[in-house]
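S.K.: I'd like to ask some things about the structure below.
The values are calculated or read from the model by the stated rules, or taken from the named source; none is laboratory data. These numbers were taken from a predicted model, which means no experiment stands behind them. No Cβ is skipped: glycine too gets one built from the backbone with ideal geometry, and neighbour counts run over all protein chains shown. Heavy atoms of the whole protein, side chains included, go into the accessibility calculation; ligands, DNA and RNA do not. Shrake-Rupley method; radii C 1.70, N 1.55, O 1.52, S 1.80 Å.
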Amino acid sequence: MFEEAQYFAPVATKDDGSVVVELATSHPGFADAVYRQRRNAIAALALGHTPGDPIPTAEYTDEEHHVWALVTKELAVKHQKYAVREFLDATKRLGLPEDRIPQLQEVGDLLEPLTGFRYLPAAGLVPLREFYGVLADGLFHSTQYIRHHSVPLYTPEPDVIHEVIGHANTLASPRFAALYRAAGRAARRVETDEALEFVSKVFWFTLEFGVMREDGEVRAYGAGILSSYGEIEEFRGMDIRALDLTAMGTTHYDITKYQEVLFEAASFDHLEDTVGTFWDTCDDDTIARLLAASSA
Ligand SMILES: [Fe+2]
């Protein structure tokens with residue numbers, strides 16, 4: 001049922017310095033010792049990386065490159081049907097490889113001339129303030145592993161397919177990239193945890209799971225929808241509400257399920273005017289007022 005959840009597997013560094021990714025027993029790769037060893041090695045690469053240095057190369061198997069090729073092909077068809085124009089145009093400009101998994105270094109090399117964004121490797125969950133904060137500098141934390149090849153259209157955690165097909169294609173658009181940077185500046189400006197959580201929830205309901213009215217249809221621009229083989233077929237049937245900052249900043253979501261409540265921008269201008277302006281101007285006080293109004 002859940003084609004694409006957003007739950008990161010915990011990563012632990014043992015006393016002997018070895019890095020272990022703790023996959024849940026329900027993870028499709030749990031019983032595959034070779035896959036798990038590769039996951040550990042990829043996580044260790046990220047933990048050992050210093051920002052500014054070239055991103056270390058992750059080793060992938062032929063089966064994993066096939067997973068990328070298959071998902072790329074399947075999603076491309078669905079994008080034509082369901083994605084906003086801005087995303088489709090950006091995807092063409094970025095020109096990701098279709099037959100193999102690109103290295104994150106290569107993704108940054110393709111993106112930087114378009115919008116200045118580069119990728120940083122992440123072993124797993126990155127603390128909110130850091131993840132969002134560096135967006136202001138044009139940096140995007142990304143996992144480097146790929147889902148288990150036995151179920152190519154399913155992942156219980158955000159993998160390189162989500163991070164690159166979903167986010168890099170979006171980040172190749174100057175308009176979307178400007179919104180990501182604005183979210184990053186907002187995350188750096190706010191000081192309280194409540195305000196940071198509000199900023200991150202607005203990000204969740206827009207740049208991860210946002211939809212937009214285009215030519216009379218509901219189309220997706222959120223990376224979480226656009227990278228999910230299952231969710232992209234379902235989002236039009238969800239509870240779609242008008243864009244509303246307070247509602248987005250306070251609505252609870254479950255990262256292990258399809259998003260049941262979505263927020264629709266009336267247009268790209270509407271998204272920029274509402275959400276972009278909010279991120280450009282919000283501080284602890286404005287968010288405290290929105291929270292107080294919502295609970296009154
Ligand atoms: Fe994401």
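S.K.: Does region 221-232 include one or more residues that are out of contact with any Asp or Glu (no Cβ under 9 Å at 6 or more places or on another chain) and farther than 23 Å from P158 by Cα?
M.R.: No: region 221-232 contains no residue that is out of contact with any Asp or Glu (no Cβ under 9 Å at 6 or more places or on another chain) and farther than 23 Å from P158 by Cα.
S.K.: Considering (1) of a type in the set (G, A, S); (2) under 24 Å from E22 (Cβ atoms); (3) within 14 Å of the ligand (Cβ to nearest atom), say which one A123 fails and leave the rest.
M.R.: Result: A123 passes all but (3).
S.K.: Taking region 143-158, which residues are within 16 Å of the ligand (Cβ to nearest atom) and crowded, with 24+ Cβ neighbours inside 10 Å?
M.R.: Residues of region 143-158 that are within 16 Å of the ligand (Cβ to nearest atom), as a first pass: 143-147, 155-158.
If the condition is that a residue be within 16 Å of the ligand (Cβ to nearest atom) and crowded, with 24+ Cβ neighbours inside 10 Å, then T143, Q144, Y145, I146, R147, T155, P158 are the ones that fit.
S.K.: Report every pair of residues separated by at least 6 positions or lying on different chains whose Cβ atoms are under 6 Å apart, first residue within region 147-158 and closer than 13 Å to E74 by Cβ, second more than 16 Å from the ligand (Cβ to nearest atom) and not charged (D, E, K, R).
M.R.: P152/V67; P152/L70
S.K.: Follow-up. Looking only at region 263-282, count how many residues are open to solvent by 60 Å² or more (accessible area, probe 1.4 Å) and of a type in the set (D, E, K, R).
M.R.: Qualifying residue count for the region: 3.
So that you can scan it fast, the table gives a plain yes or no per residue for (1) closer than 23 Å to F176 by Cβ; (2) within 18 Å of the chain's Cα centre (by Cα); (3) among the small types (G, A, S):
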| position | (1), (2), (3) |
| --- | --- |
| E231 | yes, yes, no |
| E234 | yes, no, no |
| D244 | yes, no, no |
| K257 | no, yes, no |
| E260 | no, yes, no |
| D284 | no, no, no |
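S.K.: Find the residue count for region 126-142, including only residues that are open to solvent by less than 10 Å² (accessible area, probe 1.4 Å) and within 11 Å of the ligand (Cβ to nearest atom). Please lay out each step first, then the result.
M.R.: The initial filter retains those residues of region 126-142 that are open to solvent by less than 10 Å² (accessible area, probe 1.4 Å), namely 133, 135, 138, 140, 142.
Applying the additional criterion that residues be within 11 Å of the ligand (Cβ to nearest atom) yields 140, 142.
Total satisfying the criteria: 2.
S.K.: Within region 205-262, can you find the residues that are in contact with a strand residue (DSSP E or B) (Cβ under 9 Å, 6 or more places away or on another chain), within 16 Å of the ligand (Cβ to nearest atom) and open to solvent by 30 Å² or more (accessible area, probe 1.4 Å)?
M.R.: Scanning region 205-262 gives Y229, Y253.
S.K.: I need the full set of residues from region 159-174 which are among the hydrophobic types (A, V, I, L, M, F, W, C) and within 12 Å of the ligand (Cβ to nearest atom), in order please.
M.R.: V160, I161, V164, I165, A168, L171
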